[in-house]
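Okay, structure first, notes after.
The values are calculated or read from the model by the stated rules, or taken from the named source; none is laboratory data. What you see is a predicted model; the values in this text were computed from it and never measured. Neighbour counts are summed over all protein chains in view; Cβ atoms, including those assigned to glycine, are modelled from backbone coordinates with ideal geometry.
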Amino acid sequence: MILDETNLSTYFDERTWNLARRYHQERSIIQSLSAVEYKTLQLIEIEAVVYPYLQHVKLSLHSVTGELLHFSCECPYCVHDEKACAHIGAVLMFLKERTIDHFPFYYRENAADYIQQMRRRQMFSQSDQLIEAYVNSAVLDDPVMLQNDPVALQPEVMFSNSELLVSFRIGRKKKYILKNLGEFMTRMNEAAIVSYGKELQFLHVPESFDEVSQKILRFIRRNYPTQTNFDTGARYVKLTGGSVDDFYELFLNHPVMMADGRPMVMIEENPQFTLQVEGQGQDYQLTVTPHEYRYLASNEADYVYVGGTLIRLLPRYRILCGPLLKRLQKGSKLLVSHEQIKNFYYNVLQPVSELIPVLGMDELPVRLDPLVTRVYIDEPTPHTIMITIRFCYGANEYIGFDTLTNRDNRNLRKEQKVRAIIRQYVTRIDTLTQIAWIEKNETKEFSFLAEGVGKLMDLAEVYICESLKNVQIRSRASFSVGVRLTLGLLELQLDSPQLTPQELEEIFRGYQQKKKYVRLKNGDYFAIGEGETEEVLAMLDALQVDPKQLGAGPVTLENYRALALNERLMSTPEIKVERDQEFKTMIRDFKNIEESKFDVPPSMRKILRTYQKEGFRWLKTIAHYGFGGILADDMGIGKTLQMIAVLEDARLQGEGGCSLVVTPASLILNWQAEIRRFAPQLKCGCVHGTLKERQDTLTAVDDFDVLITSYDYVKRDEALYQPLAFQYLVLDEAQAIKNQRTKSAQAVKQIQARHRFALTGTPIENSLAELWSIFDFLMPGYLFSYAQFKENYELPIVRYDDEERLTLLKKLVSPFILRRVKQDVLKELPEKTESVLQIEFSEAEKKLYQASLQQIQTQLTQTLDQQTNAGSSKIMILAMLTRLRQICCDPGLVFDGYGGERSKLTACMELIENAVESGKKILVFSQFTTILDKLRGECEKRGIGTYLLTGATPKQQRFDLMESFNRDKTPVFLISLKAGGTGLNLTGAEIVIHYDPWWNLSAENQATDRAYRIGQTRNVQVVKLIVEGTVEEKISKLQQQKQQLSQSVIEGSDGSIAAMSREEILELFETEF
C-alpha cells in the first residue's frame, strides 16, 4: 500500500519509531485490522487492534498520496493527531508491506471468524445504541424530575500565556471541574448517564440543565469542536474570532468569575490607555500603559481584555486605535526611525490622539506646512468629466493619486480621504497623467455632481468649469391629471409646473430604462425618486403609454383602461385629478352594480337567484361600455343561466343580430336544452353535424337569436365565420383557449362580435399565460402583447413572488372578472366533505412498483442530464408517470397475466358496496377507461347496476344517460374524467369517488361539481383514493402547492402540473414505502 513517510517525523520521535519497528518484526502484533475507502473524499479509514494490551488504533490516510491525516490510540503515549505512539507506527509498517486491491479490506489471525464477528457487530450495533438511548432517556418521561433539580454550568475565565481561556464547572450545589470538554460533549451526544462524584449523577440531555446553562451548552457546541488541544489540555475554550462574540453576548448580563476568584466585567466603551513617545538616540520609541492587555479581533467587533475587564470597542475607536493597539499588546514596544517620524506623527499619532492621550507628542520635532488641497473639475466633451488633484504644502506641490513616491513630510491620511471620495465615482484613473475620468456613464456622472462635489468641498478647494457649474439637480415635481371619456376613448392630460411635456417624455424614457436619474437636454439632471413623480411614471408604465405621446399633448388610450386608471389615481391622493362627468358615471356604474338601470327579463325574474341577478347586471354593464368580461363563478352555481338571461334581454331590447355560444362538443345539446327551458322565445340553433349541415345553419344565421357550436367546429369552419358578425360571442369553459398557440384559440379570436364574454370556473389552470390568452380574446391589447405581459407580470410574479406586480395585475383584471363561490352565495347548499383514503400496496404490488420505478429512475436521470429543457422530453416523462399510475390503479393494466392482489380496486369496490347498501348513488371518475371497464365488470358480478360514460359516448346518449341517472335507481355512474368532468348535472349522486389523481386539480373539482351544485339537497361525500408512498401521493402534494397561483389573482382554485422543474420531476419518481 502507498504510504507517504515525509510527514511522519512530525508525529514520531526516533525512539518511538524504533520501538514500532521492533513491534512490527513481531508479526503477531496486529490482532485484527479493517480498511474502508471513501472514493469521493479520497480517504481510507483504518481500524486495528494491537497487542500486547489490545489497544484500539484508528488512522485516516489520503487514498492517492498516502499522507497520514488523522490518528488516535487508546494507549497513554498517544496525543490525538499530534504525537503518535509505537502501536500506530507498527500499523503503518504493516500497511506499507501489504498489497490491498479491494475495499473493504479485513485482516485477522483467523480471518473468517473476524469477518463474521465484524458483520455481526455492524448488524447489531445500532440496536445496542437504540436500547441504550431508550434506557437512558427514561427520565425524560418525567419532565418534573428534570426541572426540580437542574444541573448548572459555571464558566471561569483565565488569562494565560497571553490567551483568554474559558473553563467550566458543573453541578448543583457542589460544582465539579469539567476536565475534558470533548468527553463531556460526547456524553451529551449519547444522552449518557454519568457520575462526577457522590453528589452528581445525571442524564446528559439539555433538559437536565437550567435555562442559562442550556445557552452555555450551545456556546460550547459551537466553539469547542473547532479548536485543537491546547497545552492546558482539553478543558478550555479559547476566546478568539467568533467565539468571543458568542461569549460576550451570552454572559453580558450573567456573572462570570475569573480563575483567581474575581468577577469578570464586560462593558462596551473606549478603554483607558495612555501612549508614551520617547527618544531613543536619533529614533523614537512608543509604549502603552497599561501594557498587559490582550487585543481580540472577531467577526462582529473588536475587544480588549485588560485587568479582568472585557471591553467591546466602539466602532470609531476600533478604526482609529485598533491597528496600533494590536501591535503594542503583550507589553510590546514600537520603534520609529527619525526619517519616519513626520509621517508617523501626522498619519498615526494625530488620529489616535483624538481618543488616546499621547505623552511626549508635542515635543516631537515635526512641523509640516499646512495642507491645501485643490480639485479641478472640467468637461472637455459632453458626458466626459476630468478630475485633477493638487496637494500643496507651502511651495511643494504633489499631483494626483500616486502615494508610493515622495511620501515624506506629507499628511497622507488627509490626502487619502480626498482620493477615496473621487475613486467612488470615476470610471478610470490614468496612472501616467494622474488624471481621473468619468466617461459615458450617466450614473457615476450624476452621483458625482449630486453628492461627490459636495463631499470634496468639505475637504478641498474645488474649481469647476462653467458648463458643469450651471447644471441643476432637480428631484421634485407636482402634477395634475385630467381624465375624460370622449368618442369611446380615454383621454389623459398631464400637467406639471416644474416640467415641460418634452422633459416629462425624457424622464419617462429614463424610467422605462430603469434609470435613477435622467440628464435633460438643457444639461440638468432629474432624480427619479419617490413621491408624485414616481407614482405618475409608474402609472404611465402600467398603462404602457408610448413616451412620444407625452410630448405631443393629451395621451389617448382605449376606454377599457379607465377602471384600472381610476384605481391607481384613488391610491395616490397627492396627485390632483379632474374627472369629466362621463368618466364619473362609468366608475359609479361599476361600483354600484346592484343599482344599475338594467332589469332582468320578466320571464326570468322568479327563476334567477339574487346573486344571479347581480351577475346579469354586471354582464350588461360590461357590455354597455363595450368591454369584455369573465364570469368566473364557482362550478355549479349557474353561469349558463346568467348568460341566457343576457341573451334573452338582448332579444327583448331589440339589439338585433345573432349571438354565438362556443362550448365543448359534449355541451352543445345541454346549452340547447337550457335555453329551451329558461328562454323558449329565443330562436336557438346548433352548428354541428356534417359540413353541409353546418354551412346551411350558418347561411341562415339571420333566422336565429342564438347559435351554439363547439371549439372543434369553429376550428374546422374558420372560413365560414369570416364574413359573419355576431352580437354576443360567448365562450363556455373558456379555459379551452388557455393555450394561445392552438388553432382553436386562434380561430375563435378571429370571429367578429360586438360583445365578448368568457365563462369558466378556472381562468387559470396552469399559468398566468392562460389568463392573458382569455383577455386577448375579450379585449385584445388590454394585457398588452404576451411578450410584454410575460416580462412585466408573469415572470416577476411566478419566479420572484413579486407582490407589487401581483397587486398591479389584480387592479388590471379585477374589474373584468366576476367570481363568486358556493359557500358565499348558496347558503342552502348542503355540506360537502372531502377525504383521502390511503391505500397500502400488498407485498407483490410493492415489488412490481419498485422494480418499475428503479428502471424508470435510471432512464429518467440520463434523459434529464442530456436535455437542457425538461419540456423536450415531456412525452417520455408522461409515459413513465402513466406507467406508474397504472400500476397504482391495477398492476394488471401493465403486467399481462398478473393474478395477485389489486388493493385499490378492492378498496373502491368496498366503498361502492357500502354505499349501495345504504341506498346512496355514486359517481366514480377515472382517467383510465380500462379501469372503468374493470369496475363495471366487478359491479355486474355483484348485481350492481351501472352507467358508463367515456369520450366515445355520443352527445345525445350522454344527455340521456344524465337524465336517466337522476331519474331511475341505477346506483353507480362510471365516468371518464375528461369526458364527463363538465356539462353534466348529476345531483342524484351523494358520493363522488376519484379513483386516481389527475394532474389538474381544477379538473377534479369540476368533476366533483357534477353532483355538488344547484339542485343538490343531500350532503355530498368526496373520496380520493391514493396509494401510499407512490407517485399518486407526490401528485396530490404537488397539486396543493400549485393551487395558490389562481387564488392569488382571482380567488379561484387551480393546481395543475404542466411545467415542473427537474427537482420536482425527480421527486415524483421517489418511493416512500
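Some points to look at:
- Residue-level check: of (1) under 30 Å from Leu314 (Cα atoms); (2) free of Cβ contacts under 8 Å to residues at least 40 places away in the same chain; (3) within 54 Å of the chain's Cα centre (by Cα), Pro382 misses just (1).
- Residue check for Phe775: closer than 24 Å to Asp589 by Cβ, assigned to a helix (DSSP H, G or I) and in contact (Cβ under 8 Å) with a residue 12 or more places away in the chain: yes
Here's the yes/no breakdown for (1) part of a strand (DSSP E or B); (2) in contact (Cβ under 8 Å) with a residue 24 or more places away in the chain:
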residue: Ala20; (1), (2): no, yes
residue: His24; (1), (2): no, yes
residue: Val36; (1), (2): yes, yes
residue: Glu45; (1), (2): yes, no
residue: His70; (1), (2): yes, no
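- Boolean, Val64 is under 48 Å from the mean Cα position of the chain (by Cα), assigned to a loop (DSSP other than H, G, I, E, B) and among the β-branched types (Val, Ile, Thr): yes
- Looking across segment 53-75, the residues that are surrounded by fewer than 20 Cβ atoms within 10 Å (Cβ to Cβ) and touching a Phe, Trp or Tyr at 6+ places or on another chain (Cβ under 9 Å) come down to Lys58, Ser60, Ser63, Glu74, Cys75.
- Checking Val304, Val372 one by one, the residue that is more than 53 Å from the chain's Cα centre (by Cα) and of a type outside the set (D, E, K, R) is Val372 and no other.
- Residues of segment 355-382 satisfying the condition of being in a loop (DSSP other than H, G, I, E, B) and under 15 Å from Gln276 (Cα atoms): Leu355, Ile356, Pro357, Gly360, Met361, Asp362, Glu363, Leu364
- The conditions of being modelled with pLDDT of 80 or more and in the same structural domain as Glu843 (by TED's automatic domain parsing) are not met by Ile1014.
- All positions within segment 306-352 that are β-branched (Val, Ile, Thr) and more than 30 Å from Gly261 (Cβ to Cβ): Ile319, Val336, Ile341, Val348, Val352
- Residues of segment 731-776 that are under 14 Å from Phe789 (Cβ atoms) and hydrophobic (A, V, I, L, M, F, W, C): Ile764, Leu768, Ala769, Leu771, Trp772, Ile774, Phe775.
- Criterion (in contact (Cβ under 8 Å) with a residue 40 or more places away in the chain, surrounded by 17 or more Cβ atoms within 10 Å (Cβ to Cβ), over 47 Å from the mean Cα position of the chain (by Cα) and closer than 26 Å to Tyr782 by Cβ) met by exactly one of Ala650, Ala632, Ala623, Ala645: Ala650
- Residue count for segment 195-213 satisfying the condition of being surrounded by 16 or more Cβ atoms within 10 Å (Cβ to Cβ) and not in a helix (DSSP H, G or I): 7.
- Screening Thr388 on (1) on the phi < 0 side of the Ramachandran plot; (2) at pLDDT below 85 shows it passes everything except condition (2).
- Lys920 touching a His at 6+ places or on another chain (Cβ under 9 Å) and surrounded by fewer than 18 Cβ atoms within 10 Å (Cβ to Cβ): no
- When segment 6-41 is filtered for residues that are modelled with pLDDT under 80 and among the basic types (Lys, Arg), the ones remaining, listed by number, are Arg27, Lys39.
- Of all positions in segment 797-804, at least one carries a residue that is touching a residue at least 24 places away in the same chain (Cβ under 8 Å) and either farther than 30 Å from Met880 by Cα or in contact with a helix residue (DSSP H, G or I) (Cβ under 6 Å, 6 or more places away or on another chain) (or both).
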